[in-house]
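Read through the structure below, which is laid out as structure tokens, and then see the notes.
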Amino acid sequence: MHIELRNLTKIFPSRNKKSGEEVIAVNDFSFTIPDGQLIGLLGPSGCGKSTTLYMISGLQKPSGGQIFFGDEDVTEVAPEDRGIGLVFQNYALYPHLTVKQNILFPLQNLRGKDKMTKEAMIERAYQVAKLVQIDELMDRKPSELSGGQQQRVAIARALAKMPRVLLLDEPLSNLDARLRLQTREEIRRIQKETGITTVFVTHDQEEAMSISDMIVVMKLGVLQQIGKPQEVYNDPANLFVAKFLGTPPINIFKGTVRGGKLFIGESAVLDVPGVADQDVHVGIRPEGFVLDANGPLTCQLSNVEVMGRDVSIVCSSEASENPIIRAIIDADDRLAISGNTVAFSLKPHKVFLFGAQDEKRIRPSEVK
Ligand code: ATP
């Protein structure tokens with residue numbers, strides 16, 4: 001079932017009556033989540049991700065706009081009647097109940113036509129426990145489980161009612177690095193197996209990029225870009241999105257366009273046909289540099305870090321907007337490095353121009 005958010009807005013009134021400043025947590029957000037997909041809602045702290053999720057769940061009421069589950073307008077529907085499963089960062093398991101009792105809990109509260117027999121409930125509990133691979137742990141208490149296992153119990157509990165929509169709010173934040181990796185793959189597997197339309201909130205771009213069918217990047221309550229993770233990475237709409245995605249992060253330089261050529265410092269580094277003369281921010285992905293003794297972009301070498309297959313060249317330049325530039329090159333090419341400076345040519349499709357003021361993407365008419 002698809003989910004449609006139509007002009008969704010959430011305004012929190014000011015706590016301080018005198019200053020009267022309200023917070024626009026989500027601002028005119030419109031977006032359709034296709035049926036059966038996993039969407040990563042991504043952005044820095046305070047950008048309105050959780051508020052969007054809570055409006056989808058019904059825990060928070062929008063100040064404006066509508067939410068549709070399929071063709072049904074659920075904007076005014078109570079959370080318990082929306083058919084959602086919600087998983088939080090802190091698992092929120094009942095500590096005095098066993099794993100089995102935790103999973104059974106939402107089923108025991110079903111009323112009316114949804115009411116289940118005891119046998120059906122137990123069968124369902126084991127079915128979802130098997131899906132998240134905790135069926136061996138059913139008689140343990142949450143305190144007797146690892147963080148990853150606890151989060152799986154929370155996911156099983158959310159799945160027990162066979163929700164139409166699964167909503168995950170930073171579900172991996174409390175796990176250590178190894179468990180995070182493992183659990184995020186688990187979530188992807190479970191989502192694929194069940195085919196439930198899922199929204200996954202995170203501030204971790206790598207996490208969102210690795211498991212989402214589509215990512216939605218937000219900043220200060222405003223939607224910045226939607227797309228497949230790799231498409232957004234390869235084609236950012238503005239400087240914020242370009243900076244937010246990618247590890248190591250994109251390198252930003254001060255640049256100028258003159259006569260269809262892009263200058264960094266005094267060197268023409270690329271042809272940018274069709275772009276008017278102006279100052280720009282130039283984003284260069286770390287993998288966009290090519291070591292080239294005759295290359296137009298010269299930087300001061302600080303350090304060379306070898307990381308397995310890749311080599312990371314750490315350098316600096318007066319034209320860089322950041323103190324450090326990081327270029328990733330092939331390990332075999334490192335032998336060409338000598339002296340205190342490095343020269344690069346650039347891969348045109350890894351170089352992005354952004355307006356000096358509005359920071360929006362500027363596209364050359366044709367990249368050579
Ligand atoms: P984080 O990653 O830190 O959880 P987030 O992107 O999920 O951040 P939200 O929790 O949605 O952000 O908050 C968005 C904005 O709304 C923030 O500026 C926050 O301070 C504000 N906000 C959230 N809840 C309330 C509330 N109940 N009252 C007032 N302001 C709120």
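The values are calculated or read from the model by the stated rules, or taken from the named source; none is laboratory data. Worth saying up front: this structure is predicted, and the values here are computed from it rather than measured. Virtual Cβ from ideal backbone geometry, glycine too; neighbours counted across all protein chains shown. The area values use the complete protein model at the heavy-atom level, side chains included, leaving out ligands, DNA and RNA. Shrake-Rupley method; radii C 1.70, N 1.55, O 1.52, S 1.80 Å.
Figures for the structure shown
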read-out: Some residue of segment 91-111 being more than 16 Å from the ligand (Cβ to nearest atom), among the aromatic types (Phe, Trp, Tyr) and within 20 Å of residue 6 (Cβ to Cβ); value: no
read-out: Extreme residue, nearest to residue 168 (Cα to Cα), among residues of segment 1-48 that are charged (D, E, K, R) and open to solvent by 50 Å² or more (accessible area, probe 1.4 Å); value: 35
read-out: Selection status of residue 224, polar (S, T, N, Q) and either within 16 Å of the ligand (Cβ to nearest atom) or modelled with pLDDT under 95 (or both); value: yes
read-out: Residue match in segment 193-203 (condition: open to solvent by less than 40 Å² (accessible area, probe 1.4 Å), closer than 25 Å to residue 103 by Cα, free of Cβ contacts under 8 Å to residues at least 60 places away in the same chain and away from the ligand (no atom under 16 Å from the Cβ)); value: no
read-out: Residues of segment 62-83 that turn out to be in contact with a helix residue (DSSP H, G or I) (Cβ under 8 Å, 6 or more places away or on another chain) and at pLDDT below 95, as a count; value: 2
read-out: Residue 308 vs. criteria assigned by TED's automatic domain parsing to the domain that holds residue 261, open to solvent by less than 80 Å² (accessible area, probe 1.4 Å) and at positive phi; value: yes
read-out: Residues (closer than 23 Å to residue 357 by Cβ and either among the acidic types (Asp, Glu) or out of contact with any helix residue (DSSP H, G or I) (no Cβ under 8 Å at 6 or more places or on another chain) (or both)) located in segment 275-289; value: 275, 276, 277, 278, 279, 280, 282
read-out: Options 93, 86; residue that is assigned to a loop (DSSP other than H, G, I, E, B), under 21 Å from residue 174 (Cα atoms) and open to solvent by less than 70 Å² (accessible area, probe 1.4 Å); value: 93
read-out: Some residue of segment 65-73 being touching a Lys or Arg at 6+ places or on another chain (Cβ under 8 Å) and open to solvent by less than 10 Å² (accessible area, probe 1.4 Å); value: yes
read-out: Selected residue (only one of 286, 236, 273 is away from the ligand (no atom under 16 Å from the Cβ), more than 27 Å from residue 86 (Cα to Cα) and outside the structural domain of residue 349 (by TED's automatic domain parsing)); value: 236
read-out: Members of segment 122-166 that are in a loop (DSSP other than H, G, I, E, B), open to solvent by 40 Å² or more (accessible area, probe 1.4 Å) and not polar (S, T, N, Q); value: 135, 136, 139, 140, 141, 161, 162, 164
read-out: Wholly within segment 228-281, strands (runs of 3 or more DSSP E) carrying at least 2 residues that are of a type in the set (D, E, K, R); value: 251-258
read-out: Qualifying residues in segment 204-226 (those that are open to solvent by 10 Å² or more (accessible area, probe 1.4 Å), touching a helix residue (DSSP H, G or I) at 6+ places or on another chain (Cβ under 9 Å) and assigned to a strand (DSSP E or B)) - the one nearest to residue 26 (Cα to Cα); value: 219
read-out: Cβ-Cβ under 7 Å pairs, at least 6 apart or on other chains, segment 168-192 side closer than 14 Å to residue 206 by Cα, far side of a type in the set (Lys, Arg); value: 172/180; 172/184
read-out: Residue count for segment 26-67, restricted to those that are over 19 Å from residue 211 (Cβ atoms), of a type in the set (A, V, I, L, M, F, W, C) and more than 12 Å from the ligand (Cβ to nearest atom); value: 1
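Listed here are the residues, each with its yes/no results for (1) under 32 Å from the mean Cα position of the chain (by Cα); (2) at pLDDT 95 or above; (3) closer than 24 Å to residue 364 by Cα.
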{"position": "277", "(1), (2), (3)": "no, yes, yes"}
{"position": "284", "(1), (2), (3)": "yes, yes, yes"}
{"position": "295", "(1), (2), (3)": "no, no, yes"}
{"position": "334", "(1), (2), (3)": "no, no, no"}
{"position": "337", "(1), (2), (3)": "no, no, no"}
{"position": "341", "(1), (2), (3)": "no, no, no"}
